[in-house]
Structure formats: C-alpha cells, structure tokens
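Student: Below: one structure in structure tokens.
The values are calculated or read from the model by the stated rules, or taken from the named source; none is laboratory data. From a predicted model like this one, the values you see are computed outputs, not experimental measurements. Cβ: placed from backbone, ideal geometry, glycine included. Neighbour counts: every protein chain shown.
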Amino acid sequence: MAGFDLEHYLVHCRDLTNKALDDALYPGGDGDPGRLREGMRYAVLNGGKRMRPVVTIATCEACGGTPQQALPGCCSLEMVHAYSLVHDDLPAMDDDSERRGKPTVHVAFGEGPAILIGDALLTRAFEVLATGEAAYGPVLAQAVVILAREAGIDGMVGGQALDMQHGQGITELGVLEQVHARKTGALYAAGGAMGALLAGAEPKTVEAMRTWGLKFGIAFQHADDVLDDDQVALRPQALARVDELVAECNALAEPFGDKAAALHALAGWVQKRAHTAAAGDLAQD
C-alpha cells in the first residue's frame with residue numbers, strides 16, 4: 001500500500017525474530033554434547049532474510065494480533081527452515097560447501113554432527129512452539145499440527161523429494177509449481193496460518209491466511225529461480241504466474257483493510273523482485 005515503509009518493517013520483524021531466536025537457542029544451556037548447541041546457533045543465527053517470520057507477523061497483525069503473539073510461530077518456522085538447509089547441504093543431498101558466505105554446517109562441524117544438529121533444530125522447533133506463552137493450549141496444539149503437516153511428507157519434506165526426483169529438467173509449469181508449493185510454499189503457508197491462529201482468528205480466516213502464505217511462497221520461489229538462473233525454459237510462464245499469484249494474494253488481503261498493509265507490500269515486493277531479476281539485475285539480493 002502507498003506510504004507503507006516495507007524496508008523498515010522488514011528490519012523490525014527481523015530484529016524481533018533474531019532476538020527471540022537468540023533467547024530460544026540455549027544461550028546458557030548446561031553442557032554442549034558434540035557441540036550441538038553451538039551448531040544450532042551457527043545454523044540459525046548466521047543471517048537470512050527471515051521472510052517466513054515476516055509473513056507470520058504480518059498475517060498475525062492483519063488478524064488483529066501483535067508481533068509478540070506471533071513470535072513462537074516465527075521461531076519454530078526458522079528452526080525448521082534452518083534444519084532443512086542443514087540437511088539439504090549435506091553431500092548426500094545438494095552437497096553445498098558454503099551458505100551465506102560461510103562454510104555450511106557439515107563443513108564446519110562434520111557430517112554426522114550436522115545430521116544431529118538438524119534433528120535437534122527440528123525437535124526444538126516444536127518445543128518452542130508448544131510452550132509459547134502468547135496463546136492458550138488448544139491454540140498451540142493446533143499450531144503444532146499445522147507446522148507438522150506443512151513441514152512433513154505432504155509439505156516441505158515431500159517437496160524436497162520431488163525436487164530430487166525432477167531436478168532442473170522440469171518442462172511443465174504445473175509440475176514445477178507442485179515442487180514449489182511443497183518445498184517452499186508449505187512453510188509460508190504454515191506462517192500464514194499460524195500468524196492468524198495465534199491472533200485468535202476464526203478457522204475460515206486461518207485458512208485464508210494459509211492460502212495467502214502458500215501463494216506468496218510459490219511466487220517467492222519463482223523469483224528465486226530467476227535470481228539463481230534456474231528453470232530457464234519455464235521463465236516466461238513463471239513470471240506470468242507471479243503476477244497472477246500476487247493478484248490472488250492481494251484479493252485475499254483486501255478484506256482486512258489497513259491492517260493488511262504489510263501483506264500488500266510484501267506481495268508487491270515479491271512481484272518486483274521477480275521482474276527486476278528477469279530484466280537482468282541478478283544481484284539485487
């Protein structure tokens with residue numbers, strides 16, 4: 001929306017999330033078997049745009065909640081996201097040696113410890129979410145179910161399996177979006193749903209925000225493909241889909257009025273990101 005300072009909003013949400021993550025990742029724990037606590041902090045606190053927490057906070061606010069109410073969801077999402085990256089980087093998967101300018105976790109800590117660090121992040125994510133103080137027990141239980149579903153075989157894990165199966169040889173947009181919807185969109189869907197849920201929204205609204213997150217996540221991955229010069233053959237179709245998905249996001253946010261200013265701004269940002277990269281600015285991020 002006009003006049004909304006998205007850059008300031010992104011910084012604010014990242015700062016809130018980073019502080020909550022720092023508190024949640026055992027800064028003063030008793031002992032550190034196999035340097036697991038150190039590795040968890042290395043995996044999570046080593047930069048990142050924190051876009052999943054931003055979506056969680058934005059949907060929470062659209063539904064009348066506060067950033068503080070959203071933080072258990074923000075932290076759990078980032079821990080799940082980080083665990084997935086730790087495992088994806090392993091030699092048996094993508095075999096990456098560097099992430100965000102630093103050695104990947106398995107390079108810095110060893111392959112065996114990296115597997116355990118990812119496992120520890122996944123379990124800690126559910127502990128943080130289930131013990132959040134911003135909502136009542138039944139709401140937190142529902143949030144746990146949402147995260148488990150979107151992170152599991154029908155969501156992110158299934159998406160990674162599809163990505164390994166298809167690789168860069170996808171020739172149909174529908175197949176590509178199936179991968180994107182699971183591998184990337186699922187955690188954004190979880191963020192949208194949990195943000196609304198933690199704000200106390202009704203089930204119909206929770207589902208609408210889940211759908212907003214899913215569509216945003218697919219558009220986000222299409223933009224990432226352009227930035228990474230991936231899936232080149234499908235680029236014109238993918239860019240057209242970004243425009244469609246952004247329009248659908250804006251339609252879902254419209255009923256929330258001024259409270260959805262961040263959602264509209266985020267949708268505009270991902271659209272601009274995709275088209276700017278397609279125009280040749282591959283270094284914008």
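Student: Picking from ARG41, ARG50, which residue would you name as being surrounded by fewer than 24 Cβ atoms within 10 Å (Cβ to Cβ) and in contact with a Cys (Cβ under 7 Å, 6 or more places away or on another chain)?
Tutor: Numbers: ARG41 fails: in contact with a Cys (Cβ under 7 Å, 6 or more places away or on another chain).
Exactly one residue qualifies, and that residue is ARG50.
Student: Inspect region 63-74 for any residue being at pLDDT 95 or above and aliphatic (A, V, I, L, M) and give the result as yes or no.
Tutor: Yes; the residues of region 63-74 include at least one that is at pLDDT 95 or above and aliphatic (A, V, I, L, M).
Student: Something else about it: Please give the number of the condition ASP89 fails out of (1) crowded, with 19+ Cβ neighbours inside 10 Å; (2) more than 16 Å from VAL128 (Cβ to Cβ); (3) touching a residue at least 60 places away in the same chain (Cβ under 8 Å).
Tutor: Result: ASP89 fails condition (3) only.
Student: Check LEU214, LEU245, LEU263 and return the single one that is crowded, with 17+ Cβ neighbours inside 10 Å and in contact (Cβ under 8 Å) with a residue 40 or more places away in the chain.
Tutor: Result: LEU263 is the single residue among LEU214, LEU245, LEU263 that is crowded, with 17+ Cβ neighbours inside 10 Å and in contact (Cβ under 8 Å) with a residue 40 or more places away in the chain.
Student: Please verify whether region 181-191 includes one or more residues that are touching a Pro at 6+ places or on another chain (Cβ under 9 Å) and either under 19 Å from THR66 (Cβ atoms) or not polar (S, T, N, Q) (or both). Show your work before the answer.
Tutor: Initially, region 181-191 is screened for residues touching a Pro at 6+ places or on another chain (Cβ under 9 Å), giving 191.
When the remaining residues are screened for being either under 19 Å from THR66 (Cβ atoms) or not polar (S, T, N, Q) (or both), the result is 191.
Checked region 181-191: at least one residue is touching a Pro at 6+ places or on another chain (Cβ under 9 Å) and either under 19 Å from THR66 (Cβ atoms) or not polar (S, T, N, Q) (or both).
Student: How many residues, within region 129-138, are closer than 19 Å to MET209 by Cα, at pLDDT 90 or above and over 16 Å from the mean Cα position of the chain (by Cα)?
Tutor: Qualifying residue count for the region: 0.
Student: Still on this model: Quick one: which of VAL179, VAL206 is over 22 Å from PRO72 (Cα atoms), crowded, with 18+ Cβ neighbours inside 10 Å, in contact with a Leu (Cβ under 9 Å, 6 or more places away or on another chain) and touching a residue at least 12 places away in the same chain (Cβ under 8 Å)?
Tutor: Details: VAL206 fails: over 22 Å from PRO72 (Cα atoms).
Residue meeting the stated conditions: VAL179.
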